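Novice: Starting off with a structure, shown below.
No lab work stands behind these numbers, since they all come straight from the coordinates. Keep in mind that what you see is a predicted model, and the values were worked out from it rather than measured. Counting neighbours? That spans all protein chains shown, and the Cβs are built from the backbone with ideal geometry, glycine included.
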Amino acid sequence: MKAAVVTAFGQPLQVMELPVPEPAAGQVLVRMEACGLCHTDIHAAHGDWPVKPTLPRTPGHEGIGIVEKLGPGVTDHGLGDRVSIAWL
């Protein structure tokens with residue numbers, strides 16, 4: 001999958017090809033259609049906090065997409081469902 005990745009604080013994002021993750025128990029894999037970036041993502045990408053996030057980091061946590069794969073035990077979503085991903 002392609003992702004825009006923070007590889008160094010304060011530097012431009014790098015578009016990279018990353019492996020598609022497998023959903024764990026209770027998780028779903030979502031093919032993202034759109035994703036917002038909030039100011040928290042920008043602060044993280046710039047390393048603005050005393051405790052820095054681990055790099056590399058793919059910003060964005062407010063997405064919309066389609067469920068492509070179900071992890072073990074998932075019963076409240078099905079393949080093809082449109083979902084949103086909240087920030088919490």
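Novice: If neighbour count is taken as other Cβ atoms inside 10 Å, put D48, D41 in order from fewest to most.
Specialist: Least to most surrounded, the residues fall as D48, D41.
Novice: Same structure again: Residue by residue through the range 58-70, what is 3J(HN,Hα) from phi via Karplus (6.51 cos²θ - 1.76 cosθ + 1.60, θ = phi - 60°)? Round to whole Hz and write x for glycine and proline.
Specialist: Ordered by residue, 3J(HN,Hα) equals 9, x, x, 8, 10, x, 10, x, 10, 5, 10, 8, 10 Hz.
Novice: Oh, and also: Semi-axes, largest first, in whole Å: what does sqrt of 5 times each Cα gyration tensor eigenvalue give for the chain?
Specialist: 27, 13, 12
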